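Let me give you the structure first, and then I'll get to my questions.
The values are calculated or read from the model by the stated rules, or taken from the named source; none is laboratory data. The model shown is predicted, which means the values in this text are computed figures rather than measured ones. Cβ sites come from the backbone with ideal geometry, for glycine too, and all protein chains shown count toward neighbours. All accessible areas refer to the heavy atoms of the entire protein, side chains included, with ligands and DNA or RNA removed. Shrake-Rupley method; radii C 1.70, N 1.55, O 1.52, S 1.80 Å.
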Amino acid sequence: MNQPRTIPFGRPWITDDDRKAVMEVLDGPILTHGPQCKAFEAEFAAFMGKDAHAVTMSSCMGALHMAYFALGIGPGDEVLVPAQTHTATAHAVELVGARPIFVDCDPATGNVTADRLAAAVTPKTKALSVVHFLAIPCAMPDIMRVAAKHRLKVIEDCALAIGSRYEDRHVGLFGDAGCFSFYPVKHITTAEGGMLVTKDKAFAESVARKRGFGVDRTHSERSIPGMYEVPQLGLNYRMSELQAALGRSQMRRIEENLSRRRRNFESLKKALEGQGAARVLDSADPRQKSSHYCLSVVLEGKLAGRRNELVGKLNAAGVGTSVYYPAPVPRMRYYADKYGYDASRYPEAARISDCSVALPVGQHLSPEDVDYIGKVFVETVKEMRV
Ligand SMILES: *Cc1c(COP(=O)(O)O)cnc(C)c1O
């Protein structure tokens with residue numbers, strides 16, 4: 001600790017190759033509707049694995065909204081939504097006029113479980129959503145059995161989970177749609193951007209049409225420029241060619257990115273062993289292969305109520321932190337005002353929101369940074385406990 005550092009929670013990894021890729025698009029004539037998005041989709045689908053189709057989107061929120069819109073979920077329908085997630089997971093349901101029914105999480109991983117989801121199904125339930133919390137994959141085979149039993153559509157929020165697999169299948173390919181985010185602090189970035197993946201080719205094509213206003217012909221399919229028909233409702237959730245070029249360039253380093261995260265996570269987890277004040281959110285099940293978005297610790301015992309104080313001390317020592325997520329979504333004001341908030345229903349989600357600190361393990365950290373974070377954390381909680 002004699003060597004003060006400033007370690008941000010997240011920092012985009014932008015290289016000269018990335019800059020060059022973006023500049024090449026800017027120097028050309030095509031800024032949207034072009035070959036970069038098509039190539040990014042093909043390359044992303046190849047990374048996902050067999051049978052994957054990918055559609056570039058303007059954000060993960062857009063991809064989630066699109067998924068419900070394209071699946072025909074709407075007024076009168078209920079959708080199961082994790083209480084512990086980003087507000088986007090729930091907003092997407094609200095935006096199509098359906099009602100989110102919040103489900104509490106497993107305390108060890110922060111993920112929803114098949115049992116908790118099954119208990120919340122009613123005759124109005126049309127879909128369930130999961131979030132692979134902090135890149136820890138949900139137990140999807142069990143969850144898919146619940147969905148099959150009740151004939152529910154399944155939407156996977158994979159915003160934090162590129163590279164995350166259950167057994168050998170990439171998350172996002174279990175359900176009807178998987179939605180990824182390329183926001184700056186996520187694993188890879190296109191500044192803003194997202195991807196919708198699906199195993200269903202026809203669904204991917206339908207989403208691609210709806211993404212561009214629902215018109216029936218793309219630019220290259222028009223025999224007379226400017227002429228098209230509009231057989232359906234749509235949105236404009238397209239990604240630009242600049243973003244797609246950046247995304248492609250970022251994907252070329254995805255394995256390096258993931259392996260640095262794994263190294264950082266494992267060594268930070270080890271450094272935190274035995275401190276006795278906090279437990280690490282993680283899965284002990286070898287089928288659940290996390291891609292390590294961050295390392296979140298839930299404070300226990302006397303420190304549980306002193307999270308904000310700990311954050312202040314860590315930040316003062318140069319350790320960047322975050323909170324995933326700041327409140328269970330049903331406690332956020334929009335949802336609490338609309339549906340009321342019954343705290344007794346989401347104790348585990350609330351514990352994570354109120355008592356956890358997310359520590360960085362991103363590709364931007366050196367092994368020395370990780371050692372420093374571990375030392376500062378252990379010493380700080382020790383001081384706070386005396
Ligand atoms: C960041 C995040 C989103 C939103 O992603 P955008 O690309 O910014 O729309 C959605 N869900 C989860 C779980 C997230 O962490």
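Which of the helices (runs of 4 or more DSSP H) contained wholly in the range 280-384 include at least 2 residues that are touching a residue at least 24 places away in the same chain (Cβ under 8 Å) and over 23 Å from the mean Cα position of the chain (by Cα)?
307-316
Among the residues of the range 86-104, how many are in contact with a strand residue (DSSP E or B) (Cβ under 6 Å, 6 or more places away or on another chain) and within 12 Å of residue 346 (Cα to Cα)?
So the count comes out to 3.
Let me ask another. Only one residue in 192, 156, 167 is of a type outside the set (Phe, Trp, Tyr) and out of contact with any Phe, Trp or Tyr (no Cβ under 9 Å at 6 or more places or on another chain). Which one?
Sole residue among the options that is of a type outside the set (Phe, Trp, Tyr) and out of contact with any Phe, Trp or Tyr (no Cβ under 9 Å at 6 or more places or on another chain): 167.
If we scan the range 184-204, do we find a residue that is open to solvent by 80 Å² or more (accessible area, probe 1.4 Å) and on the phi > 0 side of the Ramachandran plot?
Checking the range 184-204: not a single residue is open to solvent by 80 Å² or more (accessible area, probe 1.4 Å) and on the phi > 0 side of the Ramachandran plot.
OK, next. Within the range 38-80, track down each residue that is assigned to a helix (DSSP H, G or I) and within 16 Å of the ligand (Cβ to nearest atom).
40, 44, 60, 61, 62, 63, 64, 65, 66, 67, 68, 69
What are the residue pairs meeting all of these: first residue in the range 163-189, first residue assigned to a strand (DSSP E or B) and within 13 Å of the ligand (Cβ to nearest atom), second residue of a type in the set (D, E, K, R) and open to solvent by 10 Å² or more (accessible area, probe 1.4 Å), Cβ atoms under 7 Å, and 6 or more apart or on different chains?
Sorted first by the residue in the range 163-189, then by its partner, the list stays empty.
Would a scan of the range 90-105 turn up a residue that is open to solvent by less than 10 Å² (accessible area, probe 1.4 Å), under 19 Å from residue 178 (Cα atoms), touching a Lys or Arg at 6+ places or on another chain (Cβ under 6 Å) and in a helix (DSSP H, G or I)?
No, that holds for no residue.
All but one of (1) open to solvent by 40 Å² or more (accessible area, probe 1.4 Å); (2) farther than 20 Å from residue 161 by Cα hold for residue 70; which doesn't?
Unmet for residue 70, out of (1) open to solvent by 40 Å² or more (accessible area, probe 1.4 Å); (2) farther than 20 Å from residue 161 by Cα: (1).
Within the range 164-182, track down each residue that is open to solvent by 10 Å² or more (accessible area, probe 1.4 Å) and touching a helix residue (DSSP H, G or I) at 6+ places or on another chain (Cβ under 7 Å).
Result: 166, 174, 176, 181.
Something else about it: Suppose we keep only residues that are open to solvent by 30 Å² or more (accessible area, probe 1.4 Å) and within 16 Å of the ligand (Cβ to nearest atom) within the range 324-366. Which one would you say is farthest from residue 257 (Cα to Cα)?
Here the answer is 334.
Please verify whether residue 230 is in contact with a strand residue (DSSP E or B) (Cβ under 7 Å, 6 or more places away or on another chain), surrounded by fewer than 19 Cβ atoms within 10 Å (Cβ to Cβ) and free of Cβ contacts under 8 Å to residues at least 24 places away in the same chain, treating the condition exactly as stated.
no
Still on this structure, please answer the following. Restricting to the range 126-149, and then to whatever is farther than 23 Å from residue 325 by Cβ and open to solvent by 10 Å² or more (accessible area, probe 1.4 Å), can you tell me which residue is farthest from the chain's Cα centre (by Cα)?
My answer is 149.
Within the range 58-65, identify whether any single residue is within 21 Å of the chain's Cα centre (by Cα) and within 30 Å of residue 374 (Cβ to Cβ), and answer yes or no.
For the range 58-65, residues within 21 Å of the chain's Cα centre (by Cα) and within 30 Å of residue 374 (Cβ to Cβ): absent.
Turning to a different aspect of this structure: So is residue 48 under 17 Å from the mean Cα position of the chain (by Cα) and farther than 30 Å from residue 346 by Cα or not?
yes
Give the range 150-162 a look and list any residue that's more than 10 Å from the ligand (Cβ to nearest atom), aliphatic (A, V, I, L, M) and either within 14 Å of the chain's Cα centre (by Cα) or not in a loop (DSSP other than H, G, I, E, B) (or both), or say none.
154, 155, 162
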